[in-house]
Structures are given as C-alpha cells and as structure tokens.
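Report on one structure; see the data block that follows.
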Amino acid sequence: MLHSKHLLFIQNMKYTEKNVLLSIAGRGAETLLSKIKELDHYKIDTAALFLTMAEPAERKQVYIALQQSNIKHIPFVHLRNDMSAKEVEFLEKNFKPTYYNMHEAGFRYYHKWQQIQNKLYLELSGSGQHEPKAEVERVAGFCIDLAHYKVGEVSNSPTFQYLTSKRKQKSLFVCNHLNGYDDKNNICDHQPKLMSQLAYLKDVPPYVFGGLIALEMENSIKQQLVLRPKILKLLSEKFN
C-alpha cells in the first residue's frame with residue numbers, strides 16, 4: 001500500500017530535516033546509549049533507530065534509556081531477526097514508528113511481526129544473491145540502502161538485478177538508508193568523514209529514492225548534525 005505522504009513526496013521530491021533523519025546506530029549498547037544522550041543534549045526528540053548490531057540484553061538497556069530520554073518519536077526502525085513481537089509492541093506503543101525494515105533473511109521470521117506488515121520494508125544487500133522467497137510484494141515495499149545500490153550497480157549483483165527489474169513500479173520505493181561509499185573497494189562505509197564518500201548519490205537514479213531517508217551512520221550525533229545540511233544541499237541540487 002502506498003502511503004499518501006509518499007505519494008505527495010513523489011510529486012514534490014523535496015528533502016528537509018523532517019524526512020532526512022539522524023540515527024541511533026552502532027555496535028552494542030554503549031554506542032547506542034551514547035547517541036541517546038547526545039540527542040538529549042541537543043534537545044532533539046526525533047530519530048531513527050538501528051538495532052541490527054544489538055543483542056537482546058543490549059536492546060533492553062536501549063529501551064529503558066529511550067523511555068527515560070526526551071525522544072518522543074522514532075519514525076524508522078531497523079529490525080533484527082531475533083526481535084520479538086513484544087519488542088515491536090513496545091516500540092509501537094511508545095514511539096509510533098511509520099517505517100520498519102528488515103533484510104531478505106527476515107522473511108524467515110516476519111510471521112512474528114504480523115501487526116506491522118503494512119509498514120515493513122525490504123532491504124536488499126548490495127552484492128549478495130537474491131533469496132527467492134524475498135519478494136517485495138509480500139511487504140509494503142523497498143527500503144533501499146543507497147550505498148548498497150551503488151555496490152550492486154558496480155558488481156551487477158543478483159540483488160541489484162532484482163531491484164532494477166522493479167524500477168517501473170515507483171510506488172514500491174518508499175524509504176532509504178544513507179551511508180558512505182568506498183569506491184576503491186566497492187563497499188559501504190558506515191562512518192563517513194568526508195563529503196566525497198557521499199558524492200555517489202549524484203549518480204543514483206531518482207526512482208530509487210523514497211519519502212524518508214535515515215542516516216545509517218555510526219558517526220556521533222554531533223558529526224551527523226554537521227553532515228546532514230551538506231547532504232540536504234546535495235539532494236536539493238540533485239532534485240531541483
């Protein structure tokens with residue numbers, strides 16, 4: 001189902017601080033908790049949440065810290081396969097996410113998340129094989145990692161070929177991750193320091209972009225705040 005907000009975005013194609021989100025991302029509880037503290041320091045009450053590299057016990061610490069923080073809204077959540085229905089219920093009740101995403105392997109587990117399947121989006125790897133059961137029509141659409149797109153384009157991977165086979169169905173391309181790209185090694189860089197690591201965005205075709213972008217970066221919130229205006233300028237130049 002196509003969100004009305006996404007349809008409006010397709011018509012206007014404009015990115016702002018409201019739909020290019022800072023993110024709580026990184027490896028382990030300590031890193032994630034530090035981002036929550038930073039967001040409080042800067043009096044920011046909205047951010048994306050990436051739980052991909054947090055074990056169950058670490059996620060419990062994150063949930064407690066979120067409840068004690070000033071964060072009011074988490075529009076975007078990156079799920080992890082071992083997350084329970086209760087964890088999703090907690091996020092739904094307290095932070096009202098609009099978008100969730102999972103990897104292709106998530107189809108083995110997504111029966112646990114039936115209550116959010118109408119806002120669950122598929123993320124493809126950049127260079128891997130496409131899993132036959134990972135059909136985007138089974139969920140609400142794509143969450144395209146923009147650096148993964150570039151990696152797949154360069155390697156012409158099976159996942160890239162699957163993605164491009166859907167390119168005429170613009171309504172499937174609803175949200176994105178954004179991180180750096182290492183063109184020498186054709187890999188993603190989740191801790192970009194230079195705008196040159198984001199220059200690849202100029203070459204990514206417009207159909208891949210959705211109505212919301214989450215910065216999937218391990219950079220501190222302070223660093224994300226420096227990068228985001230530059231990213232918005234780059235995107236404005238691309239679409240205007």
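Bear in mind these aren't lab numbers, they're just calculated from the coordinates by the rules spelled out. Everything quoted here is computed from the prediction, not taken from an experiment. Every residue, glycine among them, receives a Cβ derived from its backbone with ideal geometry; neighbour counts consider all protein chains shown.
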5 angstrom amide H check on V174, placed H, neighbours 5+ away: F142, I144
When each of K18/K150; K18/K133; K112/K222; K14/K193; K184/K238; K93/K150 is checked by Cα-Cα distance, pairs over 28 Å: K18/K133; K112/K222; K93/K150
Relative contact order computed over the stretch 4-239 (Cα-Cα under 8 Å; 6+ residues apart), in percent: 22 percent
Point-to-point label distance, R138-K93, nm (Cα→Cβ direction, 7 Å offset): 2.9 nm
Farthest toward positive dipole pole in the chain [+1 Lys/Arg, -1 Asp/Glu at C-beta], among T98, L33, L66: T98
Pairwise FRET efficiency - L234 versus N156, Cβ, R0 = 30 Å, nearest 0.05: 0.75
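Rounded, prolate or oblate for the stretch 73-227? Axes are the square roots of the Cα gyration tensor eigenvalues, ordered a ≥ b ≥ c, and the cut-off for rounded is a/c under 1.5.
Working: a/c = 1.84, a/b = 1.22, b/c = 1.51.
Oblate.
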Distant-in-sequence amide H partners of Y42 (H built 1.01 Å from N, under 5 Å): none
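How big is the dipole moment of the stretch 41-187 about its Cα centre under a simple scheme where the beta carbon of each Lys and Arg is +1, that of each Asp and Glu is -1, and everything else is neutral? Debye, nearest 20, please. Each step should come with its number before you reach the end.
Numbers: 19 positive and 16 negative charges, 85 e Å.
The dipole magnitude comes to about 400 debye.
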